[in-house]
Structure formats: structure tokens, C-alpha cells
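Working notes for the structure below.
The values are calculated or read from the model by the stated rules, or taken from the named source; none is laboratory data. Predicted, not measured: the structure shown is a model, and the values here were computed from it. Backbone-built Cβ (ideal geometry, glycine too); neighbour counts: all protein chains shown.
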Amino acid sequence: MRTQLALTAENLPDYLKNRGLARPDEAVRVEPAGDGNINWVRRAWLGDGGRSLIVKQARPALERFPEYQVTTERIVMEARYYETVRPFDAASLCPRVLDFDEAERVLLLEDLGDVPRLDEALAATGAPERAAVVGEALGSFLGAVHAATAPRAELAARFQNDDMRRLHGDHIFALPFRENDFGLSAPLRTRAEAVWQDDDAVALADAAYREYLAPEGALVHADVQGGNVLLTASRPRLLDAEISHVGDAAFDIGILLAHLMLSDVARGDAARSRPAMIRTWHAYVDHAGRSTAPPFARAARYAGIELVRRTIGAARAPAVTEDAAGLRVLELGLAWLKTPPEAP
């Protein structure tokens with residue numbers, strides 16, 4: 001087998017010139033970009049700094065968690081997702097692909113700049129009106145994509161992404177509901193231990209996991225969470241589609257709903273997020289169509305599970321740092337898991 005070219009700050013300038021993305025005589029300055037949890041991600045400034053682009057390379061070991069070895073096919077899935085949804089992305093919410101080097105697993109994207117992330121904005125101020133506008137835009141996008149891709153059997157063959165799907169699924173549906181050694185405070189660990197012993201909650205999470213794994217449905221982004229949404233001046237932008245697959249449309253919209261409400265729930269003001277929830281859901285249904293859109297309760301159950309995992313799972317949200325906030329989010333998540341509401 002050939003050895004993958006591992007990009008570095010030192011060899012990236014020559015790589016970009018060989019791909020025709022930088023002129024032979026052009027200076028290239030390289031800096032980190034984003035969190036880089038899964039892939040090697042850098043920003044490259046070209047020439048006098050007036051132009052820039054984002055470089056993502058998938059490597060066998062996840063960047064921040066090298067103990068996990070996952071197929072580099074994940075970045076092929078991301079490139080395919082952007083290609084597939086482009087005709088249905090009327091507002092251009094997904095980033096523009098500048099180049100894709102499948103052999104070296106390198107995806108080059110337009111640089112959206114250092115702009116706030118949705119989770120950071122909501123954690124800071126709540127921003128209910130902004131949350132509603134962002135949620136409406138994302139709901140419309142997801143609805144259009146789900147309507148256009150469900151059912152399309154040929155997409156399932158193009159999005160065989162089981163390694164990433166299961167890795168992600170384990171962290172959402174399995175690990176938070178079973179004994180683990182995540183760094184929880186004493187009050188949260190006490191409550192988590194009760195969740196692990198709650199046979200009804202565990203069984204419901206397991207059932208939802210089986211639905212998530214079913215290889216049928218629509219093309220889902222599968223990670224529509226606040227950290228993957230950038231708030232540019234003109235519109236939200238949705239990133240990081242490396243977990244995309246054909247599956248349950250309710251999962252996409254459920255994860256989005258969870259992140260729109262999480263910060264307000266943590267502050268003890270869940271009602272503040274209601275307008276955003278309503279506008280997001282109705283925008284989604286309007287674009288998905290009544291025949292394609294899943295029942296709200298199905299999406300709400302996924303949202304509840306996401307609230308649980310963001311509180312007692314591995315990827316805890318910054319909004320739940322204080323115990324009281326974490327317990328509020330956890331209790332609502334469990335309530336929605338067991339008895340999901342029928343409407344937003």
C-alpha cells in the first residue's frame with residue numbers, strides 16, 4: 001500500500017502550488033484553524049494575505065483522539081455530501097469546495113473567517129432572535145435535503161460510512177447510558193449513576209440507536225450541532241459533514257433542536273428558546289413536506305438523548321459547566337427521552 005502524504009506547515013505551501021491553488025512564486029503562510037478534533041485542519045494565507053483557504057486532511061488516527069483509528073474515507077463522505085446537497089442548498093449554507101484530493105484525503109474549502117460559532121453565541125447571551133433566524137435557515141436546508149434524498153437507494157451505496165456512524169453513535173446512545181469514567185463532578189456523577197441503573201432510559205436509548213443505524217431514509221449530515229455552525233454576517237454556515245450517511249431524517253433535526261435550546265435550558269429559562277424551536281421546526285416541515293417530515297416526537301427523542309450526552313457524556317457542552325446547569329439540562333433530556341413532546 002502507498003504511504004499517505006502527511007501534510008505539515010512546512011510542506012503545505014508546495015502542495016498547494018502543485019495543486020494549482022497557489023502561484024509558484026506566491027508566499028504561503030500556515031496557521032491552525034478550528035478545533036481540529038477529527039482531522040488535521042489549517043488555514044493557508046496566500047500572497048499578501050488577501051486570500052485564504054482551509055485545508056483538511058483525514059488521517060487514520062483522529063487528530064485530538066489518536067487512540068481512535070478510523071478510516072480516512074470519512075473525508076470522501078464529506079466531499080460527497082457537499083457535492084450531493086449543492087443543488088438543494090439555495091442559501092449556500094455549506095462551504096464551497098475549492099479542490100478535493102481523494103488520493104491524499106485532502107479537502108480544500110473556502111475560508112469563512114474567524115466568526116462566532118453558534119454554541120458560543122448562545123452560551124454567551126442566549127440571543128433568542130438570532131437563534132430563531134439561524135434555526136429557520138438550517139431547518140429549511142435540512143428539510144430540502146431530506147425531501148430530495150429520501151428515498152434514493154443509490155445514495156446508500158455512495159455513503160457507506162459505518163465506521164464514523166458507529167463511533168459517533170456510541171458516544172451519543174451508548175457511552176452516556178453506561179458506567180464510564182468521564183470527568184463528572186460529584187453531583188452529576190451521582191445522577192449519572194442513577195441513569196445507568198434506569199432500565200427504561202437505557203432501553204429507550206438502545207432502541208433509538210437501532211433506528212439511527214438503520215441504513216435507509218434520507219441523506220443526513222449527522223452532526224448539526226452548535227460547534228459546526230459558523231455565524232457569518234450574511235447567514236449561518238454548516239461545516240464538518242464527515243459523519244454523513246443515509247439514515248433517519250429525524251436525527252438531523254433533533255440534534256439541531258437540542259443545540260438551539262441547550263443554553264437556555266442550562267440557564268433555567270427553557271421558554272426563551274421556544275420561538276426558535278417553533279420557527280425551526282415549521283421551516284423544516286415546510287421544506288421537507290408533510291410526507292417526508294418525521295413526527296416531532298421522534299426528533300424530540302433524539303434531542304433528549306443529545307442533551308443527556310452533552311451533560312454526562314464525553315463531549316460535555318460548555319453551558320453545563322456548573323452543576324445546577326448540568327442537572328437542568330440532564331433532567332429535561334431524560335424527560336424528552338421518556339416522554340417526548342408531540343409539538344415544539
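Only one residue in Ala207, Ala271 is closer than 13 Å to Arg298 by Cα, assigned by TED's automatic domain parsing to the domain that holds Thr125 and surrounded by fewer than 22 Cβ atoms within 10 Å (Cβ to Cβ). Which one?
After applying the criteria, what remains is Ala207.
Among the numbered criteria (1) part of a strand (DSSP E or B); (2) surrounded by 24 or more Cβ atoms within 10 Å (Cβ to Cβ), which single criterion is violated by Ala250?
(1)
Go through the stretch 201-239 and give me each residue that's touching a helix residue (DSSP H, G or I) at 6+ places or on another chain (Cβ under 6 Å), in a helix (DSSP H, G or I) and closer than 29 Å to Pro95 by Cα.
Within the stretch 201-239, Tyr212, Gly226, Gly227 qualify.
Criterion first (part of a helix (DSSP H, G or I), modelled with pLDDT under 95 and assigned by TED's automatic domain parsing to the domain that holds Leu239) does Arg166 satisfy it?
Judged against the criteria, Arg166 is not a match.
Can you tell me which residues in the stretch 170-200 are assigned to a helix (DSSP H, G or I) and either over 16 Å from Leu327 (Cα atoms) or touching a strand residue (DSSP E or B) at 6+ places or on another chain (Cβ under 8 Å) (or both)?
Asp170, His171, Ile172, Phe173, Ala174, Leu175, Asp199, Asp200
Filter the stretch 304-344 for residues that are of a type in the set (Ser, Thr, Tyr) and touching a helix residue (DSSP H, G or I) at 6+ places or on another chain (Cβ under 6 Å) and give the result.
Scanning the stretch 304-344 gives a single hit, Thr311.
Give all pairs with beta carbons closer than 9 Å in which a residue from the stretch 21-40 that is part of a strand (DSSP E or B) meets a residue that is crowded, with 18+ Cβ neighbours inside 10 Å and among the charged types (D, E, K, R); count only pairs at least 6 apart in sequence or on separate chains.
What qualifies is Val30/Arg42; Glu31/Arg42; Pro32/Arg42; Trp40/Lys56; Trp40/Arg59.
Which count do you get for residues in the stretch 3-14 that are more than 27 Å from the chain's Cα centre (by Cα) and without any contact (Cβ under 8 Å) to a residue 12 or more places away in the chain?
Within the stretch 3-14, residues that are more than 27 Å from the chain's Cα centre (by Cα) and without any contact (Cβ under 8 Å) to a residue 12 or more places away in the chain number 4.
Please enumerate the residues belonging to the stretch 314-344 that are of a type outside the set (A, V, I, L, M, F, W, C) and not in a helix (DSSP H, G or I).
Arg316, Thr321, Glu322, Thr339, Pro340, Pro341, Glu342, Pro344
Yes or no, residue by residue, for (1) within 24 Å of Pro187 (Cα to Cα); (2) modelled with pLDDT of 95 or more:
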{"site": "Ala271", "(1), (2)": "no, no"}
{"site": "His287", "(1), (2)": "no, yes"}
{"site": "Arg309", "(1), (2)": "yes, yes"}
{"site": "Leu330", "(1), (2)": "yes, yes"}
